[in-house]
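Since the structure comes first, as structure tokens, the remarks are kept for the end.
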């Protein structure tokens, strides 16, 4: 074990848990923030599922992104911060400011506390949502030089990600002091789950495996494994070349939901017998979106392909992610192994 301590915010989250696991494996001491200390047992259980017995190397601090309370204590004595947490919404609010303000203010709250505590570098988890939206269709891959156009008629969640990251860079330029900032911008984060709490992207694989879709909409998106995303956070935390830089995290070219369905069928055989093989007509998806708000973004992006380049992360940080195919397969296999699919059976 070394003498350096990392604060990982939002420790019960899908990505944050993997960041904690890899930091502990690398010999760091880790403290993690959770909204309530009642979450400690669940975090430790998820780490155990990842093969990590954290013991005294992991500590917990109660802090919420919507309040200043707890953040000075959470960052005290830390060398680095991985700000992975994002505001929690059981139901997405109607008013976009209910998304934008907590995302922006929560990020600034963590950055201020980290700066005041003398943290060496903070790595903020942003998103491809801050990079590739609000633009006309293009075949050119998006890079770290691109920014989402927040006036481009985009969804409130996407707008919140872009404005929160902009606020982070503006804060650093204006009052960041000696602290350094790096940002990681993942595409859709998939990969093996450790328990029943997982992200919306995982829910897409679950819906395919459960047969909840009669077919696949013409949706395309780039994929990255949660384990590789955590690895990129740690590389961005320690590399001298990462200070002041943002890094896109993507395994490769965008894949269609239909391609994912075919990969699951091919690799998992009978275990994927519910996965649909047909493609839904666009008009059917649009009609469904009229009655199902969760479908609206899918309906608005039918057939749209946003290419993304992770060349910078590979070149500057030596990052080498798994393939999209391996990632979606591992995602489905973990859902099966944990009995999280409809039949509840473990295989």
Measuring from a point 7 Å past the Cα of residue 277 along Cα-to-C-beta, which residues in region 247-264 have an amide N at less than 12 Å?
262-263
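Can you give the FRET efficiency for residue 270 and residue 97, using 1/(1 + (r/R0)^6), R0 = 56 Å, r = Cβ-Cβ distance, to the nearest 0.05? Each step should come with its number before you reach the end.
Numbers: r = 48 Å, r/R0 = 0.87.
E between residue 270 and residue 97, to the nearest 0.05, is 0.70.
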Count the DSSP beta bridges whose two residues both fall in the chain, then state the antiparallel fraction as a percent rounded to the nearest 5.
5 percent
Top of 17, 329, 138 by mean-square fluctuation, Gaussian network on the chain, Cα under 10 Å
138
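Run the numbers on region 1-74 and let me know its relative contact order in percent, using alpha-carbon pairs under 8 Å that are six or more apart. Show your work: numbers first, answer last.
Numbers: 120 pairs, mean separation 22.9, N = 74.
It comes to 31 percent, rounded to a whole number.
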Of 176, 278, 11, which has the largest mean-square fluctuation in a 10 Å C-alpha GNM of the chain?
278
Would you mind checking the radius of gyration and Dmax of region 201-242 based on alpha-carbon positions, in Å?
16.0, 49
So if we plug the beta-carbon distance of residue 3 and residue 175 into 1/(1 + (r/R0)^6) with R0 = 22 Å, what FRET efficiency do we get, rounded to 0.05?
0.20
Compute the angle between helix 156-175 and the longest alpha-carbon principal axis of the chain, please, reported from 0 to 90 degrees and rounded to the nearest 10.
20 degrees
Give, in nm to one decimal, the length gained when the segment between residue 333 and residue 307 is fully stretched (0.36 nm per residue of separation minus the Cα-Cα distance).
6.7 nm
Can you tell which of 30, 101, 184 shows the greatest fluctuation in a Gaussian network model of the chain with Cα springs below 10 Å?
101
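Given Cα pairs under 8 Å that are at least 6 residues apart, what percent is the relative contact order of region 38-161?
On the way: 136 pairs, mean separation 29.8, N = 124.
Normalised by residue count, the contact order of region 38-161 is 24 percent.
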Per-residue [θ]222 nm for the chain (sum of -39500 (n - 2.57) over DSSP H runs n ≥ 4, rounded to 500)
-12500 deg cm²/dmol
Degrees, to the nearest 10: 200-210 long Cα axis against longest axis of the chain:
30 degrees
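Values in this text are rule-based calculations from the coordinates and carry no lab data. In this text the structure is predicted, and so the values were computed from the model without any measurement. So basically every Cβ, Gly included, is an ideal-geometry build from the backbone, and we count neighbours across all protein chains shown.
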